[in-house]
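Notes to accompany the following structure.
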Amino acid sequence: MKSPDKLAVVTGGTKGIGLEFSRRLTRMGYRVVATFRSDEDAANRAAEEMKKGLSVIRSDVSDPDDVARLADLVRTGHGTPQVLVNNAGLNIDRPVLEISDTDWRQVLDTNLSGPFYMTRAFAPHMVEAGGGSIVNIGATTAIRPRLNGANYCSSKAGLLHLTKCLAMELAPSIRVNCLIPGMIDTEEMRTRYRVAEPEYRNALLDEIPQRRIGSTEEMADALEFLVGAGASYVTGQKLIVDGGQFMW
């Protein structure tokens, strides 16, 4: 049932999995504010696609001052969200001995500090308005590390524990969970893992019990569950959508 009182904020909500989250939330009846940092063309396309259901705002979640500005813009222009999806993320892959201070800080500031800044800015008003749901978007590299990703893996491992801390402190008003994508069919994943080449695709599928790559729609299904009434007793948890790849 659509309601003008339902508001969701999705960081990085105009591309990839984040765009699918924005689509799903609008179909669920939420007015959605989606943030983007640099790709204005993608943001404009998303806004055109979803018309009045979506508003886009440029924001850098790694900057606490910019997050405070975003929170003020949302509260004055749209209201208080019932749902916050901390989806914005950054990858800068280097061998560990080649990661610069800047590489380290940018990734940690975006992937770990960003969700903290967003929650700190929005949660007090969510509590005052009656509560809601926060979903942090994690990564399987928080569970199983990979080469050349010490900064990224560390940020996502930290996000898992941040999720639990937030769930403890914000209960019972706000539920906080971590949604973790496995191999999901996005442009970035297709490029990184060279899935167009049979040799690389087959090697990848050999690691996935369900023998297929997941879809962004399946990620949105999981998000719909976590923010919905069916998950009213679920908080502080991680939900991995990966076809069984990381069950071990």
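The values are calculated or read from the model by the stated rules, or taken from the named source; none is laboratory data. From a predicted model like this one, the values you see are computed outputs, not experimental measurements. Neighbour counts run over all protein chains shown; Cβ positions are idealised from the backbone, glycine included. With ligands, DNA and RNA removed, areas are computed over all heavy atoms of the protein, side chains included. Shrake-Rupley method; radii C 1.70, N 1.55, O 1.52, S 1.80 Å.
For Gly77, the requirement of being modelled with pLDDT of 95 or more and in contact with a strand residue (DSSP E or B) (Cβ under 6 Å, 6 or more places away or on another chain) is not met. As a summary of the residue check, Leu73 satisfies the conditions (1) farther than 24 Å from Asp39 by Cα; (2) free of Cβ contacts under 8 Å to residues at least 24 places away in the same chain; (3) of a type in the set (A, V, I, L, M) except for the one numbered (1). Scanning segment 120-141 for residues that are in a helix (DSSP H, G or I) and farther than 16 Å from Gly79 by Cα yields Arg120, Thr140, Thr141.
Looking across segment 25-43, the residues that are open to solvent by 80 Å² or more (accessible area, probe 1.4 Å) and closer than 27 Å to Val107 by Cα come down to Arg37, Ser38, Glu40, Asp41.
Give segment 142-154 a look and list any residue that's surrounded by fewer than 19 Cβ atoms within 10 Å (Cβ to Cβ) and either in contact with a Cys (Cβ under 6 Å, 6 or more places away or on another chain) or not in a loop (DSSP other than H, G, I, E, B) (or both), or say none. Of everything in segment 142-154, those that are surrounded by fewer than 19 Cβ atoms within 10 Å (Cβ to Cβ) and either in contact with a Cys (Cβ under 6 Å, 6 or more places away or on another chain) or not in a loop (DSSP other than H, G, I, E, B) (or both) turn out to be Pro145, Ser154. Ser22 satisfies every condition listed in (1) touching a strand residue (DSSP E or B) at 6+ places or on another chain (Cβ under 8 Å); (2) surrounded by fewer than 16 Cβ atoms within 10 Å (Cβ to Cβ) except (2). Would it be correct to say that Tyr117 is over 22 Å from Gly16 (Cα atoms), at pLDDT 95 or above and assigned to a helix (DSSP H, G or I)? Criteria met by Tyr117. Return the only residue of Val135, Val127, Val107 being more than 22 Å from Thr235 (Cβ to Cβ), of a type in the set (Val, Ile, Thr) and modelled with pLDDT of 95 or more. Going through Val135, Val127, Val107 in turn, the sole match is Val107. Remark: pairs (first residue in segment 133-154, within 15 Å of Glu98 (Cα to Cα); second residue of a type outside the set (Ser, Thr, Tyr) and open to solvent by 60 Å² or more (accessible area, probe 1.4 Å); Cβ separation under 8 Å; 6+ apart in sequence or on different chains) = Asn148/Arg94; Asn148/Val96; Ala150/Val96; Asn151/Arg94; Asn151/Trp104. Search segment 155-173 for residues being of a type in the set (A, V, I, L, M, F, W, C) and surrounded by fewer than 23 Cβ atoms within 10 Å (Cβ to Cβ), and hand back the single one that is nearest to Trp104 (Cα to Cα). Taking the candidates together, the pick is Ala157. Of all the residues in segment 175-217, those that are of a type outside the set (A, V, I, L, M) and either crowded, with 16+ Cβ neighbours inside 10 Å or touching a strand residue (DSSP E or B) at 6+ places or on another chain (Cβ under 6 Å) (or both) number 9.
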